[in-house]
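Novice: Have a look at this one before I ask anything.
What follows is calculated from the coordinates using simple rules that are stated; it is not laboratory data. Predicted, not measured: the structure shown is a model, and the values here were computed from it. Neighbour counts run over all protein chains shown; Cβ positions are idealised from the backbone, glycine included.
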2 protein chains.
Amino acid sequence: MTLSEENYLKAIYHICNHKEGGVSTNSIAEKMDTKASSVTDMIKKLSEKGLVDYKRYKGTALTQEGKLVASNIVRKHRLWEVFLLEKLNFTWDEVHDVAEQLEHIKSEKLTDQLDAFLGFPTRDPHGDPIPDKDGNIKTVTDTLLSTLQKDDRGIIVGVKDSSSSFLKYLDKQEIALGKKIKVLDTEPFDNSMKIKIKKQEIVISNQIASNIYIKKSN
Amino acid sequence: MTLSEENYLKAIYHICNHKEGGVSTNSIAEKMDTKASSVTDMIKKLSEKGLVDYKRYKGTALTQEGKLVASNIVRKHRLWEVFLLEKLNFTWDEVHDVAEQLEHIKSEKLTDQLDAFLGFPTRDPHGDPIPDKDGNIKTVTDTLLSTLQKDDRGIIVGVKDSSSSFLKYLDKQEIALGKKIKVLDTEPFDNSMKIKIKKQEIVISNQIASNIYIKKSN
DNA sequence: TTTAATTTTTAGATAAGTCTAAAAATATAT
DNA sequence: ATATATTTTTAGACTTATCTAAAAATTAAA
Ligand SMILES: [Mn+2]
Ligand SMILES: [Mn+2]
Ligand SMILES: [Mn+2]
Ligand SMILES: [Mn+2]
């Protein structure tokens, strides 16, 4: 299993989680930041190895085995993110890039022991669930903050966008996982909303609100 | 800096530490388990990049910059070995293979924070010194157990051979870093020796004794 | 249902890293 | 000093992963 193969499997895995059914060559190319022709080549190889189901012009899907390999990479990625944040004083906008490297380290013992060392965490620093060894993962059923109505309350449980710039914005506004919020008002014109968080009132754009996951509390 | 380039620099670094002056193409090939022709190609590239001094047929040496890069990889390797042993319940014969992968993770913050997290260790699980950020390293001046005479005493401070099979042998004999030993007798015929360790008397071959570093205590 | 646009695949080229086999340089032995 | 052996380098080939450009299949539009 080469680095490149692993990254392709992971990309397909992530796209699959959003859209059901086959994955298009172009969508993989976009996520991987490569050309479609490169994707076709790689998919053929993964197909030979029994990691994806592929019929030309028809799209690609992970096999059982491919899904297990991919989820294991995601598992490692998220465990390492927890490690970096909890043990090594990284901030939640710094962990992803390093985890992109660490997720490819091959050692089952390492992964298991890391899991135990961290106290078997269920979510990564961005609120995303951590798959178990068999690829089982809590499907995220959280609602987006942008879908809440006036007077709705909830707790922040995750972010959809994990980019460094977005996370830094949240830090600046003191918006963090676990915080209680209440929607004070919504503005129909641009879908911005006024919310109360930590006894402060702030206005956030729809772009922000549609990247924050909430667990509604009433 | 590719994975392959890093491994070549590390190989040259390790050979240099034993032999002074230029390093032969063949010695690099042997350490890297590749062909001499491959080494020549790579050395040319490293030379272009200013990481090694190279004149054809004359041998290779690390430049200041190359030495710094190499020692940083060794630094990471040994820090990770400490981490795996101290925090993740690895045994000292298991840490090396995983550290071979982890040493290539690129993040200065990660290395620094790991160093701090581990309490700034000075030696890895095999007794080898850990270089600092600037490439400074305590040169090992320890003596080999095989050079001791009858009635000499000392403390085990390191191993020369870090192979899994050797380390497992030591575990079986309960020979470990920090243990006090005394040479009870030496056998001139095959250079084996009888030693006292943990109040037990055991006989070890010269091959064993010449792979254990001792700090003489009188 | 033809035609046009889009998506996907193929064909051919390139770069990195490796190999084998042969040539060149250096070292060793008679 | 000359012949022989060893070491090192070059030449050419192969694999993996990528790209561009062109062809083929599919989808959308007229
Ligand atoms: Mn991430
Ligand atoms: Mn994450
Ligand atoms: Mn090691
Ligand atoms: Mn070591």
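Novice: With a/c under 1.5 counting as rounded, go ahead and sort the stretch A:20-160 into rounded, prolate or oblate using the C-alpha gyration tensor (a ≥ b ≥ c being the square roots of the eigenvalues; past the cut-off, prolate if a/b is larger than b/c, else oblate).
Specialist: Values: a/c = 2.00, a/b = 1.32, b/c = 1.51.
Oblate.
Novice: Using a Förster distance of 41 Å, how high is the FRET efficiency between B:Ser4 and A:Ile155, based on the Cβ-Cβ distance and rounded to 0.05?
Specialist: Values: r = 48 Å, r/R0 = 1.17.
Taking R0 as 41 Å, the efficiency between B:Ser4 and A:Ile155 is 0.30.
Novice: A further question follows. Indicate the gyration tensor shape class of the protein assembly as shown (rounded, prolate or oblate), computed on the Cα atoms with a ≥ b ≥ c the square roots of the eigenvalues: a/c under 1.5 is rounded; otherwise a/b larger than b/c is prolate and the rest oblate. Don't skip to the answer; put the middle values down first.
Specialist: Values: a/c = 2.40, a/b = 1.85, b/c = 1.29.
Here the protein assembly as shown falls in the prolate category.
Novice: Please list, in chain and number order, the residues 5+ apart from A:Thr143 or on another chain whose amide H is under 5 Å from its amide H, with Hs placed from the backbone.
Specialist: When sequence neighbours closer than 5 places are left aside, the close amide H contacts are A:Ile214, A:Lys216.
Novice: Also: DSSP H helices in chain B with Cα extent of 24 Å or more along the helix axis and mean Kyte-Doolittle hydropathy at least -0.5?
Specialist: Membrane-span-like by this criterion, though nothing is claimed about a membrane: B:64-88.
Novice: Could you list which residues have their amide H under 5 Å from that of B:Gly154, counting only those 5 or more apart in sequence or on another chain, with H placed in the peptide plane?
Specialist: B:Ile181, B:Ser217
Novice: Given B:Pro125, B:Ser146, B:Ser217, which one lies farthest toward the positive end of the charge dipole of the stretch B:76-218, if we put +1 on the Cβ of every Lys and Arg and -1 on the Cβ of every Asp and Glu?
Specialist: Farthest towards the positive end: B:Ser217.
Novice: Also, quick follow-up: Once you put a point 7 Å from the Cα of B:Asp171 and another 7 Å from the Cα of B:Ala61, both along the Cβ direction, what distance in nm separates them?
Specialist: 4.1
Novice: Between rounded, prolate and oblate, where does the stretch A:1-71 land on the alpha carbon gyration tensor, with a ≥ b ≥ c its root eigenvalues, rounded for a/c under 1.5, else prolate if a/b exceeds b/c?
Specialist: Rounded is the answer for the stretch A:1-71, as its axis ratio a/c remains below 1.5.
Novice: I've got another one for you. In the stretch B:22-126, what trypsin sites (Lys or Arg not before Pro) fall in a loop by DSSP, with at most 15 other Cβ atoms inside 10 Å? The partial results should precede the final answer.
Specialist: On the way: sites: B:Lys31, B:Lys35, B:Lys44, B:Lys45, B:Lys49, B:Lys55, B:Arg56, B:Lys58, B:Lys67, B:Arg75, B:Lys76, B:Arg78, B:Lys87, B:Lys106, B:Lys109, B:Arg123; in loops: B:Lys35, B:Lys49, B:Arg56, B:Lys58, B:Lys106.
Loop-located and lightly packed - B:Lys35, B:Lys49, B:Arg56, B:Lys58, B:Lys106.
Novice: Right, here's the next one. What size of dipole, in debye to the nearest 20, comes out for the stretch B:1-119 about its Cα centre when the only charges are +1 on Lys and Arg C-beta atoms and -1 on Asp and Glu C-beta atoms?
Specialist: That gives a dipole near 580 debye.
Novice: While we're here: Using the beta-carbon distance between B:Lys216 and B:Ser163 and R0 = 22 Å, what value does 1/(1 + (r/R0)^6) give for FRET efficiency, to the nearest 0.05? List each step's numbers first, then the result.
Specialist: Values: r = 25 Å, r/R0 = 1.15.
Here the calculated transfer efficiency is 0.30.
Novice: Could you run the Karplus curve 6.51 cos²θ - 1.76 cosθ + 1.60 with θ = phi - 60° over the stretch A:181-193 and give me ³J(HN,Hα) per residue in whole Hz, x for Gly and Pro?
Specialist: 9, 9, 7, 8, 6, 10, 10, x, 4, 10, 6, 6, 9
Novice: Count, for each residue of A:104-114, the Cβ atoms from other chains sitting within 10 Å of its Cβ, then give me the mean as a whole number. Intermediate values should be presented prior to the final figure.
Specialist: On the way: counts 3, 6, 3, 8, 0, 6, 8, 0, 2, 5, 3.
For this peptide, the per-residue mean of nearby foreign Cβ atoms is 4.
Novice: Same structure again: Hey, what number do you get for the protein assembly as shown at 222 nm if only DSSP H runs of n ≥ 4 count, each worth -39500 (n - 2.57), divided across all residues, to the nearest 500?
Specialist: On the way: 16 runs with 185 residues, N = 436.
Helix-only estimate at 222 nm: -13000 deg cm²/dmol.
Novice: What full-extension length gain, to one decimal in nm, is calculated for A:Lys44 and A:Thr147 as 0.36 nm per residue of separation minus the Cα-Cα distance? Numbers along the way, then the final one.
Specialist: On the way: separation 103, 0.36 × 103 = 37.08 nm, distance 4.07 nm.
Here the answer is 33.0 nm.
Novice: Okay, next question. Only loop residues by DSSP count here, and only those with at most 11 other Cβ atoms within 10 Å; note down the GluC sites (Glu not before Pro) in the stretch A:5-59 that meet that.
Specialist: Answer in residue order: A:Glu20.
Novice: Also, quick follow-up: Hey, got a sec? Which GluC sites (Glu not before Pro) in the stretch B:95-194 land in a DSSP loop and have at most 12 other Cβ atoms within 10 Å?
Specialist: The qualifying sites are B:Glu174.
Novice: When Lys and Arg each count +1 and Asp and Glu each count -1, what net charge do the other residues less than 12 Å away from B:Lys216, Cβ to Cβ, add up to?
Specialist: +1
Novice: Also: Counting pairs of alpha carbon atoms under 8 Å apart in space and at least six apart in sequence, what relative contact order in percent does chain A give?
Specialist: That works out to 16 percent.
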